[in-house]
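Presented below is the structure to which this report refers.
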Amino acid sequence: MASIAGTFLVAADDQPGLVARLSGFFAELGLNIVDASNHTDVYVAEGAPRFYMRLEVDLGGLGRPAAHARLGDSVSRRALEKAFGDLATVLGARWSVRYSDEIPKVAVLVTKEANCLYDLVLRQQSGELPCEIPLIISNHAVLERVAENFRIPYFVLPVTAETKRAQEERLLELLRRHHIDLIVLARYMQVLSDAFVGAAPPAINIHHGFLPAFQGARPYHQAHTRGVKIIGATAHYATADLDQGPIIEQDVARVSHRSGPDEMARVGRDVERVVLARAVRAHLEHRVIVEGRRTILL
């Protein structure tokens, strides 16, 4: 039986001894660090260089004497977090933790295109994406059969300019009812309002290109008209600014003058599936630190 792990993400101004102090904290508790990575960003416009670290810690030793000596009689996760939070305060650090036995719940939002939806569900069911998908939500009924094939509840919430506010309130209600931790916009062709983004869990969107190129309708026809030689896709966190959220993952595939719009769309769908899956997996594995308008993946 696999041990339960806690994955800690830390961001702080760079300073001597950070790696030693963070790893030493777990050593004092008798906890084994099974994976660790860190990075110092010296390309900071203002202020000190920034330090980032990810530590995956085996929590099997929480019941041992060393942990009792450091945390007292309460060797709970809450006590561990309080002690780590005290250290983070001393270091001036932001931090978060995720536990391997707490499986994130993901809501997939779609409109009419099925390629990303199929890919996400198949990856989740094969164990590649460590999450549950308790529901699929759409503004159309077109993909209901896909949800039925996988026995996932499917909710249709039509939306117009006049009903957008009410539709988003209903959407938020569904997300709260199902205790959703992450939203994936798998070609959900609706602009999310500022109010929704502020109230909802984090959302990952997939965009057909290197932002902000070829916005709007028929992007691959636009690309064909411009004679592009590379098809790309970008996965990013959704924010109040359309397609301007922190970028998580990108990739490209080459095309040529022989490629028509349909062929470009086929290639683009392949890239979109892979890029979106990588971004979702990085988030689920607690590898992403958001720093302003950018991300650090550890």
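Pairs, please: C-beta under 7 Å, at least 6 apart or cross-chain, first residue assigned to a loop (DSSP other than H, G, I, E, B) and in region 159-175, second modelled with pLDDT of 95 or more and surrounded by 13 or more Cβ atoms within 10 Å (Cβ to Cβ)?
Filtered contacts from region 159-175: VAL159/ASN139; VAL159/GLN167.
Return the residues of region 133-147 that are closer than 15 Å to LEU122 by Cβ and surrounded by fewer than 16 Cβ atoms within 10 Å (Cβ to Cβ); say none if nothing qualifies.
Scanning region 133-147 gives no hits.
Scan region 122-145 residue by residue and report those that are outside any loop (DSSP other than H, G, I, E, B), in contact with a Leu (Cβ under 8 Å, 6 or more places away or on another chain) and either farther than 19 Å from ARG273 by Cβ or without any contact (Cβ under 8 Å) to a residue 12 or more places away in the chain (or both).
Within region 122-145, LEU135, ILE137 qualify.
Suppose the filter is buried (at least 17 other Cβ atoms within 10 Å of the Cβ), assigned by TED's automatic domain parsing to the domain that holds ILE289 and more than 27 Å from VAL290 (Cβ to Cβ); does TYR118 pass it?
When the stated conditions are applied, TYR118 does not pass them.
Residues of region 235-254 being touching a Phe, Trp or Tyr at 6+ places or on another chain (Cβ under 6 Å) and crowded, with 23+ Cβ neighbours inside 10 Å, which ones?
GLY245
Take THR234 and decide whether it is of a type in the set (Ser, Thr, Tyr), in contact (Cβ under 8 Å) with a residue 24 or more places away in the chain and closer than 20 Å to ALA223 by Cα.
When the stated conditions are applied, THR234 passes them.
With the condition kept exactly as written, say whether any residue in region 213-220 is polar (S, T, N, Q) and more than 22 Å from ARG98 (Cβ to Cβ).
yes
Which of the numbered conditions does ILE180 fail, given that it passes all the others? Conditions: (1) assigned to a loop (DSSP other than H, G, I, E, B); (2) among the hydrophobic types (A, V, I, L, M, F, W, C); (3) surrounded by fewer than 19 Cβ atoms within 10 Å (Cβ to Cβ).
(3)
Can you go through ARG266, ARG294 and tell me which one is free of Cβ contacts under 8 Å to residues at least 24 places away in the same chain, of a type in the set (Lys, Arg) and more than 30 Å from THR163 (Cα to Cα)?
None of the others qualify; the one that does is ARG266.
What pairs can you find where one residue is in region 31-54 and without any contact (Cβ under 8 Å) to a residue 60 or more places away in the chain and closer than 15 Å to GLY92 by Cβ, the other is small (Gly, Ala, Ser) and in a strand (DSSP E or B), and their Cβ atoms are less than 7 Å apart, with a gap of 6+ or different chains?
Short answer, once both residue conditions are applied: PHE51/ALA12.
Residue-wise test of (1) over 23 Å from ARG98 (Cβ atoms); (2) modelled with pLDDT of 95 or more; (3) more than 28 Å from the chain's Cα centre (by Cα).
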{"residue": "ASP13", "(1), (2), (3)": "yes, yes, no"}
{"residue": "GLY17", "(1), (2), (3)": "yes, yes, yes"}
{"residue": "GLY24", "(1), (2), (3)": "no, yes, yes"}
{"residue": "ALA36", "(1), (2), (3)": "no, yes, no"}
{"residue": "GLY47", "(1), (2), (3)": "yes, no, no"}
{"residue": "ARG50", "(1), (2), (3)": "no, yes, no"}
{"residue": "ARG54", "(1), (2), (3)": "no, yes, no"}
{"residue": "ASP58", "(1), (2), (3)": "no, yes, no"}
{"residue": "HIS68", "(1), (2), (3)": "yes, no, yes"}
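Going through region 1-27 one residue at a time, which ones are among the β-branched types (Val, Ile, Thr) and under 15 Å from HIS39 (Cβ atoms)?
Correct list: VAL10, VAL19.
Restricting to region 137-186, name every residue that is among the acidic types (Asp, Glu) and either at pLDDT below 95 or touching a Lys or Arg at 6+ places or on another chain (Cβ under 9 Å) (or both).
If the condition is that a residue be among the acidic types (Asp, Glu) and either at pLDDT below 95 or touching a Lys or Arg at 6+ places or on another chain (Cβ under 9 Å) (or both), then GLU162, ASP181 are the ones that fit.
Of all strands (runs of 3 or more DSSP E) completely enclosed by region 9-105, which ones contain at least 3 residues that are in contact with an Asp or Glu (Cβ under 7 Å, 6 or more places away or on another chain), surrounded by fewer than 16 Cβ atoms within 10 Å (Cβ to Cβ) and of a type outside the set (Gly, Ala, Ser)?
Strands (runs of 3 or more DSSP E) meeting the threshold: 32-41.
The values are calculated or read from the model by the stated rules, or taken from the named source; none is laboratory data. The shown structure was predicted, so the numbers you read here are calculated from the model rather than taken from an experiment. Note that each Cβ is placed from the backbone with ideal geometry, even for glycine, and that neighbours are counted across all protein chains shown.
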